[in-house]
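Data block below; observations after.
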Amino acid sequence: MEQRHLGRTGLRVSRIGLGTLTWGRDTDEHDAADLLKTFWEAGGNLVDTADVYGDGEAEYLLGQLMGGLVPRRDLVISTKAGSVPDPDRRVDGSRGHLLSALDASLARLGTDHVDVWHLHSYDPATPLEETLQALDIAVASGRARYAGVADFCGWQLARAATWQLAAPGSRARLASTQMEYSLLQRGVEREVLPAAVDTGIGLLPSSPLGRGVLTGKYRGGAMPPDSRGASEHLAPFVEPYLDDTASRIVDAVTTAADGLAVTALQVALAWVRDRPGVAAPVVGARNARQLAAALSVEALSLPDEICRALDDVSAPVHRYPDHDWSTL
């Protein structure tokens, strides 16, 4: 699998990443092992997890599989901290919580460092400088090799990146940001992606297949019994993308796939993988067969005319101030 630099850093990652959101909850140790082995054998190295996935079980499972199944040195492990199961405070970006969470992640993963450590979300109740200092301490201590953020809006990302760049050598520059990005969700193009490109931050798109909808499995009102849309705890996650607007985009993706003699999954994933500023879409799969289908996109590059057609049909409405006011 082709590799790319993660942002403006020397770290190289496979241009498709493996997500572990369901590990330890819907994905058991046997399926997790099959997924990791399939990914590694295809040349993938970026594995993304978080301390809250499966209440820590995702990290624990990954830690159990490293070494015995796949060499630790062959993987780029990315994890996240900051989300907390507290209805009154869903995010804790305090330095104390973040560093304690990192130590707990390392213990579950069974390693002395993670390759990329992300803040899981912006915490408005904690000074940003304090939150970012946790990243500096983690990198300086060797517990994390690189640092990033997730789910920061445009101004938050620009502020964090600029703060880190203001003291080169003493602060860890941001290598990456994780955001949802697909043909069904192009909101990052408004401010987040321009900020990331300008400050040398690589984008790691989550849900690159539109929460599974872009595969076409829900066309015509279908609801496969083993799909996320039919899952009690994931159905609300999928439902927003089952509207008429999404249906028109899925139809266009399917038409493009038929014309290229490939699958809708491959078209949707190739589109987001090759967008400017994208380092590696992170895909989650239920089993090795699904993952292999996603990894088969490696050989596909979409023709320019197909990209333009998909851009047009999925174009979000961006007006003032994104465009020159005189043209509106």
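The values are calculated or read from the model by the stated rules, or taken from the named source; none is laboratory data. In this text, all values refer to a predicted model and were calculated from it rather than measured experimentally. Because the Cβ atoms are built from the backbone with ideal geometry, glycine has one as well, and the counts that use them run over all protein chains shown. What goes into the accessible areas is simple: the full protein's heavy atoms, side chains included, and nothing from ligands, DNA or RNA. Shrake-Rupley method; radii C 1.70, N 1.55, O 1.52, S 1.80 Å.
Structural remarks
- Seen from A50, the other residues with C-beta closer than 9 Å to its C-beta sum to a net charge of -2, counting Lys and Arg as +1 and Asp and Glu as -1.
- Probing with 1.4 Å while keeping every protein chain in the model, the per residue accessible area of the stretch 108-250 equals 42 Å².
- When the trypsin sites (Lys or Arg not before Pro) in the stretch 86-152 are filtered for DSSP coil states and for at most 15 other beta-carbon atoms within 10 Å of their beta-carbon, the remaining sites are R89, R90.
- Taking every alpha-carbon pair under 8 Å whose residues sit at least 6 apart, the stretch 132-254 reaches a relative contact order of 20 percent.
- Gap separating the Cα centres of the stretch 294-308 and the stretch 104-130, nearest whole Å: 34 Å
- Backbone amide hydrogens, once placed in the peptide plane, bring V91 within less than 5 Å of V84, excluding anything fewer than 5 places away on its chain.
- Low-density loop cleavage sites - trypsin sites (Lys or Arg not before Pro) in the stretch 231-328, where at most 14 other Cβ are within 10 Å (DSSP): R319
- Label-point separation in nm, L69 to R90, each point 7 Å along Cα→Cβ: 3.1 nm
- Local charge for A285 was computed over the other residues whose Cβ lies under 12 Å away, with Lys and Arg +1 and Asp and Glu -1, and equals 0.
- Two-decimal log10 I(q)/I(0) for the chain, as the Debye equation yields it once each C-alpha is a single scatterer, q = 0.10, 0.13 Å⁻¹: -0.57, -0.98
- One decimal place: the segment S100-E130 gains 9.4 nm when fully extended, by the rule 0.36 nm per residue minus the C-alpha distance.
- Summing charges over neighbours of L62, with a neighbour being any other residue whose Cβ is under 12 Å away from its Cβ, gives -3 when K and R count +1 and D and E count -1.
- Per-bin percent of Cα-Cα distances, the stretch 1-140 [5 Å]: 2, 10, 20, 21, 20, 15, 8, 4, 1
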